[in-house]
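Contents: one structure, followed by commentary.
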Ligand SMILES: [Zn+2]
């Protein structure tokens, strides 16, 4: 599927906005370690292993702060829903330490998706309080769905009988006749 130019640009910009600060922060920390490493971590030469570990921790800060690894893991995908799995689980996974939170249950929606070139994937598309019962009927088998990297949404692309179209960038619902989203002004992807 060929995405509109403005959406391609949006995705590239979102990734760059994460990677550029990460690289800059990494460079600053690296220079600081090279220039003032012994002052920053004043350990004797016998603790060289510990010193290197401290440097490694310092240099990993940019990746944690900017969440670059997570961003690179999140990819744009488009495909047909083959199966919808809704799992209802306790909100905390610490049954050995029961807290007040254990009384809450959450719904997690997973989609088994097949892309146009036959690749199969399982994606988590929603997590929320079970009491809210939101989005339980949003996704159906046979729906064509789209997720853009660096967005929180996975949207169902409209069919010929749809009256609405959800924006893949911001998740706003638009009239099917609209070509651009009324909220974020990006081109609406209609499949
Ligand atoms: Zn939008």
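All of the numbers you see were taken from the coordinates with simple rules; none came from a lab. No experiment lies behind these values; they were computed from the predicted model shown. Here the Cβ is made from the backbone with ideal geometry for all residues, glycine too, and neighbour counts use every protein chain on show.
Only DSSP H runs of four or more residues enter the estimate; each adds -39500 (n - 2.57), and after division by the residues of the chain the mean residue ellipticity at 222 nm equals -11000 deg cm²/dmol. Under the simplified labelling scheme, the residue 70-residue 185 pair shows an inter-label distance of 2.9 nm, with each label point 7 Å from Cα along Cα→Cβ. Angle, helix 5-40 long axis vs. longest principal axis of the chain, Cα atoms, 0 to 90°, nearest 10? Once rounded, the angle reads 10 degrees. Taking the longest Cα principal axis of the chain as reference, the axis of helix 48-66 is set at about 30 degrees.
Computed from the C-beta positions of residue 61 and residue 149 and an R0 of 25 Å, the FRET efficiency is 0.60 to the nearest 0.05.
Sorting 72, 29 by the number of Cβ atoms found within 10 Å of their own Cβ, with the fewest placed first, yields 72, 29. Ordering 65, 155 from the fewest to the most neighbouring beta carbons within 10 Å gives 65, 155. Once the C-beta distance of residue 25 and residue 124 is scaled by a Förster radius of 22 Å, the resulting FRET efficiency is 0.15 to the nearest 0.05. As a rough footprinting exposure proxy, the listed residues 165, 184, 78 were ranked by other beta carbons within 10 Å of their own, and the order from fewest upward is 184, 78, 165.
With only the Cα atoms considered, the chain has a convex hull volume of 195 Å³ per residue. Highest GNM mean-square fluctuation among 162, 45, 172, for the chain modelled with Cα contacts below 10 Å: 45. When Rg and Dmax are taken over the Cα atoms of segment 5-73, they come to 16.1, 57 Å.
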